[in-house]
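Quick notes on the structure that follows.
The values are calculated or read from the model by the stated rules, or taken from the named source; none is laboratory data. All values derive from a computational prediction rather than experimental measurement. Ideal geometry is used to build each Cβ from the backbone, glycine not excepted, and the neighbour counts take in all protein chains shown.
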Amino acid sequence: MNDESASQGFQGYSETDAIRTQFDRTDFREHSVPLYLTSSFVFDDAEQARALFADEIPGNIYTRFSNPNNTEFIQKLCKLEGTEDGIATATGMAAMYLSMAALLKSGDHIIASRSLFGSTFQILNVIFPRFGITTSYAELTDPGSWEQLVKPNTRLLFVETPSNPALDVIDLEWLGQFAAAHKLILIVDNCFATPYLQNPARWGAHLVTHSATKFMDGQGRVVGGAIVGKQELIKEVRFFARHTGPTLSPFNAWILSKSLETLAVRMERHCSNALKLAEALSSHPEVSLVKYPFLKNHPQYAIAKKQMRHGGGVVTFEVKGGVERGRKFLNSLKMLSHTANLGDTRSIATHPASTTHSKLTDAERAAVGITPGLIRISLGLEEFNDILADIAQALQVSGS
Ligand SMILES: *Cc1c(COP(=O)(O)O)cnc(C)c1O
């Protein structure tokens, strides 16, 4: 593995890059990126076709391999993350799966943080073991627990920070050094933070994965994903993707490229609404615990401050009264949406214990930080006072 930082020379997220990254303008002189809905591309002659297939010249052949919209979206994302290369995928889960499957073989071992997105956990726990790939789980909040899990066949580290829904944070600088010391590939799911808040490649992550479905689109319209990072690893991922087919639709790539133009202003509002809500709920008598990376009582507050621009758009809190009260709270909301997504213009509330994580036992839920009355709020872009008023009235109604 090349030790040079993938992000050498990276000046940090630039709103100008998000809006002004160059694209190939056609003879129509369009101002905005055009949409290329075509499944294949025409060859000038037999020699050009041969050279394209032999990778001797760059160019599009077939949209499963590449398409101008996917390339434009991913080049912009690479600029914003400070990475060399990347690939767009049909969903966030395609990105998580591909980033690992493309680089591993039977007999390899993964170390992953325990609190992970549910489908990522299913890949590691159910799907990969069928192919002889095993995983050990380390505590995100306890860097001391990682060293003892390294085995001779360990190849890769996979983490989410901040994690969903526990909002735990790991020190990416420490993790980058740990990965380098053991010559392991470090993959970070940066979906909760987005490139605007955090750039894991700066701290030594080799690949950064995204569900673009969440804050990146941020408007609840499309599903999509991305993997960006080291060129030599992306080359492996691209080979795997080209022959297995989890390509992002060019239409969704076009949407997501436009979404990146407004990511910074949207994240500013998501995050300021989230911090205000976390502060307001901290003194609420019906709430026993509020968790938010930029609240001073968060166990990894100092680390979050070091590696994140803001604390993110998601706040969790524990409503007094357990599972029943959690369900009643959800049923009492009048404005907030009750839907299985996050990172939208509309604020969303979820109760993991009775929905996404209902199949786990209390002990299994506790291990990933999900208490019976835990409520997760994804802050939207509405007026803060309207969001707070709805949550306050639902807390009151559900308690009576
Ligand atoms: C939603 C999510 C995913 C999966 O993304 P999809 O676009 O739904 O496939 C992966 N990781 C995290 C942290 C997520 O929140």
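Quick notes on this structure:
- Looking only at residues in segment 226-246 that are crowded, with 22+ Cβ neighbours inside 10 Å and closer than 13 Å to ALA94 by Cβ, the one that is nearest to the ligand (Cβ to nearest atom) is ALA226.
- Condition check for ILE111: hydrophobic (A, V, I, L, M, F, W, C), assigned by TED's automatic domain parsing to the domain that holds THR209, more than 16 Å from the ligand (Cβ to nearest atom) and more than 21 Å from the chain's Cα centre (by Cα): no
- Here ILE348 clears all of (1) surrounded by fewer than 17 Cβ atoms within 10 Å (Cβ to Cβ); (2) out of contact with any helix residue (DSSP H, G or I) (no Cβ under 6 Å at 6 or more places or on another chain) except the condition numbered (1).
- Checking each residue in segment 169-225 for being surrounded by fewer than 21 Cβ atoms within 10 Å (Cβ to Cβ) and small (Gly, Ala, Ser) picks out ALA180, ALA181, GLY220.
Yes/no per residue for (1) closer than 21 Å to ARG269 by Cα; (2) within 16 Å of the ligand (Cβ to nearest atom); (3) among the polar types (S, T, N, Q); (4) crowded, with 18+ Cβ neighbours inside 10 Å:
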| position | (1), (2), (3), (4) |
| --- | --- |
| VAL287 | no, no, no, yes |
| LEU295 | yes, no, no, yes |
| THR371 | no, no, yes, yes |
| ARG376 | yes, yes, no, yes |
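- Subset of segment 344-369 that is closer than 22 Å to ALA193 by Cβ and touching a His at 6+ places or on another chain (Cβ under 8 Å) - its residue that is farthest from the ligand (Cβ to nearest atom): ALA349
- At least 3 residues being within 16 Å of the ligand (Cβ to nearest atom) is the threshold, and among the helices (runs of 4 or more DSSP H) wholly inside segment 43-101 those reaching it are 68-81, 92-101.
- When segment 317-343 is limited to residues that are within 16 Å of the ligand (Cβ to nearest atom) and farther than 21 Å from ALA278 by Cβ, the one that is surrounded by the most Cβ atoms within 10 Å (Cβ to Cβ) turns out to be THR339.
- All positions within segment 199-233 that are over 21 Å from ILE255 (Cα atoms), polar (S, T, N, Q) and in contact with a Ser or Thr (Cβ under 8 Å, 6 or more places away or on another chain): ASN199
- Residue match in segment 129-148 (condition: within 13 Å of the ligand (Cβ to nearest atom), among the hydroxyl-bearing types (Ser, Thr, Tyr), in contact (Cβ under 8 Å) with a residue 60 or more places away in the chain and out of contact with any Cys (no Cβ under 7 Å at 6 or more places or on another chain)): no
- Listed by first and then second residue, the pairs with beta-carbon distance under 6 Å, at least 6 apart or on different chains, first residue in segment 300-322 and in the same structural domain as GLY12 (by TED's automatic domain parsing) and over 11 Å from LEU289 (Cα atoms), second modelled with pLDDT of 95 or more and part of a helix (DSSP H, G or I), form an empty list.
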